Every structure is written in structure tokens, then in C-alpha cells.
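Working notes for the structure below.
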């Protein structure tokens, strides 16, 4: 463990208030004061991007936007970070660097506009505006406050050629396409199914699978509208419709099992369908924070399925630039992201 000259920890242990001895992500409460330790960076927050599973749960639990807004404020005030107590997930943020500690290894400077590539579940956060500019009806949250990055945090300077909201949406899920690319290339896989292919991480993963050499790319989506959008984007050879929570429906829709299945959905109960869609000796990559990994492991055992299962942890070296590159070079991906942004912006 790296320790600064002032006794701080590069992984943020000095910010943990309770319980003692755990990492910031596991902590019940963090010290979110915006005074940097020598290897820390303080960011003036401008926008949060709540992860899809967390936002869905908050909307389903609290209903109207005002109640969702109040719930987020309560979580951050109580915990010093944004970590949904039900899903355990958070999201990421956009902001401007306010202060850089003298020992920070992140290469950031005051005034840089950045998106954090580490979860809000471990990022010390203070909200100062009561989320007054957010109606609670979308994952992207206009916000004023401060956040702290540790010595081993990750952040990307925002590109100048893309709108900020678009960059934030891509960077929020940039681990998924990068790992999809790595797995498809490592396995020399020719067939890939992306469950949830119409979403942010799903559409990028479709593009990554194609770029990595897959000759059969299947997108599984829940509705006819999403199917039409993915077909129009030209991201898949086959677009099929099924409820990802129905294992038999998934298997029937996919047909011949694929070598790699990538799960990019924000609802629980999709583990068994992913296993059934995957050929013997194949690989399932779970990116959804709604995944039950015990259900996945026990389900594969119960099905006598010889599949490798990977947890997408959101970090692959070079993942930010890889995802932004897919957005720049794949018109269909950009079209889906921009359509999503327009839909979110509707009153």
C-alpha cells in the first residue's frame, strides 16, 4: 500500500470514517471535506451520472422526481458519497479541477474539465445546491458541490470535440466495450451476443465486438422500438426481442449459442438466460450492477454449463479513449447515444 509523507493512503483509507479497516467503497461513511491530502485532487462538481441500475431502483422505489431527488440528497448527506444502499452502485461525475495536492500522480491541473472513471460509491462527495436544477427524471444530475480523487483514482480530461453530456454518457460505461474487445480478441471469438444491446454499454459493446473480428453479432433487446433503433444503427447482424429475465425466451431468441455473451442490462434476474445463450467452453461477461453473481454461479452449475464467467469491473487500461474512439468512428453508436440524450432532455 502506498502511503504519502503525511500518512494518507493512495487508496483513500484515511477518508473512511466508519467502520474502520475497510476500503472507501465498503465504508458506511466517508470524510468528504474538500481539503486535499498531498496526493489528492479536489473537483468542483457540475454533473453526476447515476448508474442505470441505481437510478432505476430509485425511480421504482420513490416514484416522482422530487422524491428521487430527496433520496439522493439523503444518501450523500448520510454517507459522504453516492452509494445506493439497495444496489450498492453509484455512477460517476463531471467537474473542474479546483486543487491538486503536490504529490498527486494523476497528471491533472487546476482548471481541467474531467470525468471521473471511478465509482461514486468510493468518491468523497458533498452537494451544496440541494440539486435544485435536477427534476429527478433522468440519470444525469446537474449538481454543485465538491468531490475528492485519491492517488489511485482515475479521471479523464474531457475531449474538446464532443459535447460534455455525450462524453459523460460514454465514459460512464467505457469499461464494457474495452473488456468486450479484449475477450473477443483473446478467445478469437466469431459469435457474440450482447444482452441489452440497445443501451449505452450495450451499443458500444456491439461495436467493439464487430471491431474485434466477430462475424456474428447478436443484439438482444426487450422491445420492438429498441430493436428498430439498433437495426437502423447497423450494429448487429441479428436483432432479437426477448425478456432477458426469461431464460428459455433468451435461448430461443438467440438460437445457436454464441462463444461470448455480454450482459449489459439494468434489471435483476438475467443470469440464467445469459448462460443458456452461451456455447460450451464459451464466456459470459457480466457488466450489470443488478447481477447476482451467486445466481450466475449456481445457475451455471445447475445447468451443467461449462462456461467461463467474468465480472466486468469497469477498468481496462485505455478504456476511456477506446470508447470515445468507437463513438467517433461508428455513426450508429453516436446516433443511439444522441437519441438517448434527446429523450432524456424532454420535459
- May I ask for the angle, rounded to the nearest 10°, between helix 331-345 and the longest principal axis of the chain, with both axes built from Cα atoms and the value confined to 0 to 90°? 60 degrees
- Task: Starting with the fewest neighbours, write out 266, 133, 44, 161 ranked by other beta-carbon atoms found within 10 Å of each beta-carbon.
- Result: 161, 133, 44, 266
- Query: Once the Cα gyration tensor of region 13-158 is found, what semi-axes does its equivalent ellipsoid get, as square roots of 5 times the eigenvalues, in whole Å, sorted largest first?
  - Reply: 24, 17, 12
- Message: Quick check on the exposure proxy: order 55, 315 from fewest to most C-beta atoms within 10 angstrom.
- Response: 315, 55
- Residue-averaged [θ]222 nm for the chain, counting only DSSP H segments that reach four residues, each worth -39500 (n - 2.57): -10500 deg cm²/dmol
- Message: What do you get for the angle between helix 175-187 and the principal long axis of the chain? Use alpha-carbon atoms, 0 to 90 degrees, nearest ten.
- Response: 40 degrees
- Query: Extension gain residue 306-residue 338, at 0.36 nm per residue separation less the Cα-Cα distance, in nm?
  - Reply: 7.6 nm
- Would you mind computing, in nm to one decimal, how far apart the modelled labels at residue 246 and residue 61 are, each placed 7 Å from Cα along Cα→Cβ? 2.9 nm
- Which label in (1) 38, 24, 17; (2) 31, 23, 21; (3) 34, 21, 20 gives the computed semi-axes √(5λ) of the Cα gyration tensor in Å: (3)
- Query: Going by how many other Cβ atoms sit within 10 Å of their own, how do 215, 201, 292 line up, fewest first?
  - Reply: 215, 292, 201
- May I ask you to derive the relative contact order of the chain, considering only C-alpha pairs under 8 Å and at least 6 residues apart, and to give it as an integer percent? 14 percent
- Message: As I understand it, the value is the acute angle between the Cα axis of helix 52-62 and the longest principal axis of the Cα atoms of the chain; what does it come to in degrees, rounded to 10?
- Response: 80 degrees
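Every number here is computed from the coordinates shown, using simple stated rules; none is lab data. Small disclaimer: the values here were computed from a predicted structure and weren't measured. No Cβ is skipped: glycine too gets one built from the backbone with ideal geometry, and neighbour counts run over all protein chains shown.
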